[in-house]
Amino acid sequence: MNKKNCKIIQDLLPNYIENLTNSETNKFIEEHLIDCEDCKKILEDMKKDIKTNNITEKNDKEVNYIKKINFKMKILKFLVILIVIIILTFAISILRNYIILSKLYKLGDSKINKENYMMIKTFITGDYIGKEINLVKDKKYLHIQTVFFMDDSEREQYMKIYEYKKDGKYYRLSKVIDDDNSSRQSLNEYDFFPNDSNIYTASIYKESFLKELKKSVFMKIRTEDVENIECYAISYENGTYWFEKETGLLIKSTKENTKLYTYYNNCVNDKMVEPPDTTGLEIHKIDN
Ligand SMILES: [Zn+2]
């Protein structure tokens with residue numbers, strides 16, 4: 001055995017394992033290995049090492065891959081949970097709005113006797129101080145509005161407006177009394193009043209199911225006190241309406257400026273809904 005070749009052979013072994021040696025070198029190595037147990041042993045150890053290295057590398061790669069997948073799954077899980085929470089919160093708030101509205105409609109309708117009631121609104125807005133009385137008995141009604149204000153030349157003005165229905169026609173009688181006690185009257189006739197016999201419960205705002213649902217999506221409802229009365233403040237379409245929690249009746253609204261509403265059932269007699277005397281007044285026909 002040629003022991004002095006061992007050093008050369010061992011130098012060549014790494015390349016031999018990787019198949020980087022040529023056939024002549026291979027032959028030379030293999031012939032040596034037949035007789036040299038030392039070199040044979042070194043070769044086997046090298047092969048083992050490479051195998052273990054490969055396995056460890058493979059394992060590391062797999063572990064990294066699993067780690068990456070786990071991380072991605074965690075993010076995905078988090079996102080799914082977040083989306084579910086957002087959707088649920090949204091759905092719950094819509095449902096809450098819808099339930100509150102339905103409750104107010106039902107309550108308001110039960111609190112007003114639509115055949116006989118009186119509603120009084122008071123309002124103070126900018127230059128106006130006023131009171132409106134809505135009287136309803138059977139199919140008859142009379143709205144009386146009194147307003148006190150200053151005109152452009154700082155003169156006190158007192159105005160009284162009557163709205164009513166007579167023989168199927170709608171009328172508005174306006175009386176203006178100046179601070180020198182002179183007065184003017186005008187009588188208009190209309191095809192209809194947009195606020196014809198309005199009952200100010202939540203239910204006058206009631207619409208079809210789909211519209212109600214849409215409203216529930218876009219409206220904001222919070223609880224708030226108005227003059228110590230517990231209310232739902234309902235905001236949508238640039239307006240806020242305060243409905244009394246206990247009765248479902250409209251207490252205040254921003255759409256018609258600051259107004260306060262009070263209601264009385266079964267207090268109206270025939271005389272109270274009698275139209276005002278307009279004898280001798282010229283009727284102006286207004287198209288609407
Ligand atoms: Zn050897």
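How far is it, in nm, from the label point at residue 150 to the one at residue 225 when both lie 7 Å from their Cα along the line to the Cβ?
According to this spin-label approximation, the distance is 3.4 nm.
So, in region 1-55, how many Lys pairs have Cα atoms under 16 Å apart, if the pair is 8 or more places apart or on different chains? Don't skip to the answer; put the middle values down first.
Working: 3/40; 3/41; 4/40; 7/40; 7/41; 27/40; 40/48; 41/51.
So the count of such lysine pairs works out to 8.
For the chain, which span is the longest to avoid every loop-located (per DSSP) member of trypsin sites (Lys or Arg not before Pro) having at most 13 other Cβ atoms inside 10 Å? Provide the component values of the computation, followed by the final result.
On the way: sites that count: 114, 139, 155, 255.
In the chain, the maximal stretch lacking such sites is 1-113.
Check which residues have an amide H placed less than 5 Å from residue 231's amide H, if you skip close sequence neighbours.
Placed amide hydrogens put 224, 225, 226, 245 under 5 Å from residue 231.
Would you mind computing the Rg to Rh ratio of region 42-119 from its alpha-carbon coordinates, Kirkwood style for Rh?
Numbers: Rg = 33.5 Å, Rh = 19.2 Å.
Reported Rg/Rh, Kirkwood definition of Rh: 1.74.
Pop the C-beta distance of residue 26 and residue 51 into the FRET formula with R0 = 22 Å and round what comes out to the nearest 0.05. Show your work: numbers first, answer last.
On the way: r = 20 Å, r/R0 = 0.93.
It comes to 0.60.
Would you mind classifying region 226-288 by shape? Square roots of the alpha carbon gyration tensor eigenvalues, ordered a ≥ b ≥ c; an a/c under 1.5 is rounded, otherwise it is prolate if a/b is larger than b/c and oblate if not.
Working: a/c = 3.78, a/b = 1.67, b/c = 2.26.
Judged from the Cα gyration tensor, region 226-288 comes out oblate (a/c at least 1.5, b/c at or above a/b).
Grab the beta carbon distance between residue 114 and residue 90, set R0 = 35 Å, and tell me the FRET efficiency rounded to 0.05.
Numbers: r = 36 Å, r/R0 = 1.04.
Efficiency for this residue pair is about 0.45.
Straight-line reach only, C-alpha to C-alpha below 29 angstrom: list the lysines that residue 169 could link to, leaving out same-chain residues fewer than 8 apart.
114, 121, 131, 137, 139, 140, 160, 206, 255, 259, 271, 285
Could you pull out the GluC sites (Glu not before Pro) across region 152-189 that fall in loop regions by DSSP (anything but H, G, I, E, B) with no more than 11 other Cβ atoms inside 10 Å? Don't skip to the end; give the middle numbers.
On the way: sites: 154, 156, 163, 189; in loops: 154.
In loop regions of region 152-189 (DSSP not H, G, I, E or B), the sparsely surrounded GluC sites (Glu not before Pro) are 154.
Report ³J(HN,Hα) in whole Hz for each residue of region 155-172, in order, from the Karplus equation J = 6.51 cos²θ - 1.76 cosθ + 1.60 where θ = phi - 60°; Gly and Pro get x.
Listing the rounded values in order: 8, 6, 10, 10, 10, 10, 10, 10, 10, 7, 10, 9, 6, x, 10, 9, 10, 10 Hz.
To the nearest 0.05, what FRET efficiency results for residue 41 and residue 67 with a Förster distance of 35 Å applied to their C-beta separation? Spell out each step's value before the answer.
Values: r = 39 Å, r/R0 = 1.10.
Taking R0 as 35 Å, the efficiency between residue 41 and residue 67 is 0.35.
Where does the chain land on Rg/Rh, using Cα atoms and the Kirkwood Rh?
Values: Rg = 45.6 Å, Rh = 27.1 Å.
That ratio is 1.68, to two decimals.
Throughout, read-outs are computed from the coordinates displayed, never taken from laboratory work. Since we're looking at a predicted model, the values are computed, not measured. For neighbour counting, all protein chains shown are included, and Cβ atoms are generated from backbone atoms with ideal geometry for every residue, glycine included.
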